[in-house]
1. Once you list every other residue whose beta carbon is under 12 Å from the beta carbon of B:F170, what net charge do they have if Lys and Arg are +1 and Asp and Glu are -1?
2. Calculate the mean, over all residues of peptide A:37-46, of how many other protein chain Cβ atoms lie within 10 angstrom of the residue's Cβ.
3. Sorted by average packing, counted as other Cβ atoms within 10 angstrom per residue and highest first, what order do A:303-311, A:87-95 take?
4. Mind checking A:118-127 for the average number of partner chain beta-carbons within 10 Å of each residue's beta-carbon?
5. Calculated from DSSP H runs of 4 or more alone, at -39500 (n - 2.57) each and per residue, what is the 222 nm mean residue ellipticity of chain A, nearest 500?
6. Taking the Cβ of A:L80 as the center, what net charge do the other residues with Cβ under 15 Å away carry, scoring Lys and Arg +1 and Asp and Glu -1?
7. Would you please name the trypsin sites (Lys or Arg not before Pro) within region B:125-185 that are DSSP coil residues with at most 15 other C-beta atoms within 10 Å of their C-beta?
8. Could you check what % of the DSSP bridge pairs in the protein assembly as shown are antiparallel, to the nearest 5?
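Read-outs: derived from the displayed coordinates by stated rules, not from any lab. None of these values were measured; they are calculated from a predicted model. FYI the Cβ positions are ideal-geometry reconstructions off the backbone, even for glycines, and counts take in every protein chain you see.
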Amino acid sequence: MKNKPKTLFDKVWDSHVVTRKKDYPDLLYIDAHLIHEVTTPQAFDGLRRRKIKVARPDRTWATADHNVPTKNQHLPIKELLSKIQVEKLTKNCQEFGIRLYGMGHPFQGIVHIIGPELGITKPGMTIVCGDSHTSTHGAFGAVAFGIGTSEVEQVLASQCILQNKPKTMNIEVNGKLGKGVVSKDIILYIISKISTGGGTGYFVEYTGSTIKNLSMEARMTICNMSIEMGARGGLIAPDETTYQYMKGRPFAPKEKNWDSALRNWQTLPTDKGAKYDKRVAFDASDIEPMVTYGTNPGMGIKISQHIPTEDNFQMESQRSSFRKAVNYMNIKPGKKIQDQKVDYVFLGSCTNSRIEDLRMVAHIVKGRKKADDVEVFVVPGSRQVETQARKEGIDKILKDSGFELRGPGCSACLGMNEDKIPSGKYCISTSNRNFEGRQGPGARTFLASPLTAAASALTGRITDPRELL
Amino acid sequence: MENIDTDQIIPARFLKAVTREGFDQHLFRDWRFDSNNKPRKDFVLNDKTFKGKILVTRRNFGIGSSREHAAWALKDYGFDAVVSSFFADIFKTNALINQLLPVTVSPDFLKKLFAEIKKNPQTIVNIDIPNQIIEIKNANIKEKFPLDPYRKMCLIKGYDDINYLLNQKFDIIKFEKQRKNDFSI
């Protein structure tokens with residue numbers, strides 16, 4: 001009898017179910033557990049209280065990213081609480097035998113940048129981390145999702161997690177992207193259509209010719225922001241692009257193992273006739289450079305459009321959220337978003353801090369100068385990205401234009417380390433969240449692609465990158 | 001308010017603690033207090049008219065960051081339940097693990113609940129976990145709410161996930177041994 005056709009997600013999930021019982025969540029085996037300093041101290045305390053060890057230190061990788069400064073990384077962290085949290089991670093890793101790529105290590109970086117970069121992330125795996133942007137790793141055809149600290153403790157203690165199986169959604173994007181339109185624009189477009197809650201309860205598989213033609217790094221940007229529509233994770237079927245990217249990376253299988261692994265990975269893509277619980281399709285030709293105007297990632301518009309007005313919303317509850325957003329942002333409904341003044345530009349975060357992102361920035365700023373009244377943070381996602389950028393001379397191109405390449409970390413994405421946007425100031429940012437105060441108390445964030453953000457750094461205003469390409 | 005994110009519930013700058021206690025001071029920090037740490041009069045938690053152990057909020061509560069600190073802060077502050085018509089996934093799990101009950105009600109029930117509270121801030125709301133019923137006492141309006149059977153058992157009997165997982169050790173080791181096609185490490 002022929003097996004029932006299955007989706008990529010179902011194949012990966014089902015092959016990791018240790019036990020499935022009625023009225024219980026699945027007991028799901030986790031292949032790789034990535035940890036960082038913010039969401040783990042209480043979990044390690046739990047292990048100590050119970051007098052138990054980490055079940056599989058060989059499946060656990062640690063890095064310090066959220067608290068690290070991006071300047072003078074050779075010096076001790078200035079802020080005491082940040083310093084304590086990073087030191088606590090170091091101590092916990094020593095005590096429990098976990099490898100740590102801490103500050104100063106050549107592999108250090110944002111947890112979702114280093115996983116793929118080191119070849120830890122592979123197709124068909126289950127990956128978790130106490131961070132909602134764990135969805136990034138789905139770009140390789142892995143089931144990867146963010147968890148809370150109690151769940152981190154579950155995984156440390158047992159290498160398993162109790163989890164109800166989500167439903168599946170297929171988002172298909174077909175067609176050719178226009179000039180100056182990149183993967184960040186695709187995902188901001190999708191979220192603007194689906195809303196911040198439209199993916200809740202689902203795992204998304206992205207398909208279609210537009211997705212297929214993207215590089216691995218561009219695919220990671222898309223999967224990274226799956227959580228911003230409420231989806232627990234997003235994934236893309238592995239293909240030749242995936243394998244080319246992975247080959248030779250430190251934790252990728254070698255020689256004979258590579259061949260066996262490859263044969264297995266090739267069985268992962270969704271079978272013909274497999275059913276998703278929900279399907280949505282978009283046309284790439286409708287996507288433009290995107291920018292958000294409000295205080296959640298669903299409040300995005302095309303750069304050529306005007307900020308909506310209350311009349312665009314039907315329900316009073318939506319209108320009140322819209323009013324609160326425009327009030328916080330201090331922007332005028334109905335006005336053009338282009339030419340809105342920006343004070344800061346943040347190029348970085350687990351969404352857009354890979355080498356291709358920096359190349360995009362270098363491409364647009366080369367031979368041009370930064371606007372005088374704008375402050376710019378260019379923050380690579382990892383030490384390896386930084387090294388590569390310097391090797392390619394990107395640091396020099398940036399310097400000539402008045403930008404500075406900093407050291408790796410989460411930086412101004414979340415207002416937790418030294419890099420913050422001051423209250424009331426406007427920042428165009430390549431990160432993933434424009435929530436109130438996300439980049440610092442009172443900070444106002446416009447989310448955009450590296451091209452759009454870099455173009456805006458040159459003019460000091462929200463600028464359509466197509467004018468400069 | 002719709003779409004309340006966990007950065008509002010507990011801003012990232014307060015995530016530096018290495019223990020689970022004390023997050024209640026920073027619950028809704030930037031909505032509760034202004035930049036001089038003075039309480040904002042227009043925020044509901046600063047309004048003495050409204051008191052209780054149940055937080056009522058509009059749809060899509062708890063979006064964004066996976067920080068469990070959001071659930072810890074609400075629980076520490078004194079909330080035992082959050083009522084909304086829709087919750088974000090990670091927040092919902094984090095809340096349940098911490099005995100903070102997310103009660104998902106119909107949009108219509110939520111509307112009535114807000115209307116009743118507006119009419120009478122002393123409105124009593126009963127939440128019956130075993131029968132999964134939420135009731136607006138004086139208005140005599142009831143609704144059944146969904147609750148995961150495993151989580152319900154944990155809430156009622158005080159079970160702990162880690163003990164449960166440690167008891168599955170035999171099955172986990174068996175799974176590891178029998179596994180084929182594992183190229184993950």
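1. Values: positive: B:K169, B:K174, B:K177; negative: B:D171, B:E176.
Within the 12 Å Cβ shell, the charges total +1.
2. Working: counts 3, 8, 6, 1, 5, 8, 2, 1, 3, 2.
Neighbouring Cβ atoms belonging to other protein chains average 4 per residue here.
3. Values: A:303-311: 15.4, A:87-95: 17.2.
Listed from highest to lowest mean packing, they are A:87-95, A:303-311.
4. Numbers: counts 0, 0, 2, 1, 3, 2, 4, 4, 1, 1.
Mean shielding by partner chains, rounded to a whole number: 2.
5. Working: 15 runs with 145 residues, N = 469.
Helix contribution divided over all residues of chain A: -9000 deg cm²/dmol.
6. Values: positive: A:K78, A:K83, A:K88, B:R13, B:K16; negative: A:E37, A:E79, A:E87, A:E418.
Result for the neighbourhood of A:L80: +1.
7. On the way: sites: B:K137, B:K142, B:K144, B:R151, B:K152, B:K157, B:K169, B:K174, B:K177, B:R179, B:K180; in loops: B:K137, B:R179, B:K180.
Taking region B:125-185 and a limit of 15 other Cβ atoms within 10 Å, the loop trypsin sites (Lys or Arg not before Pro) found are B:K137, B:R179, B:K180.
8. On the way: 21 of 70 bridges.
Counting DSSP beta bridges with both partners in the protein assembly as shown, the antiparallel share is about 30 percent.
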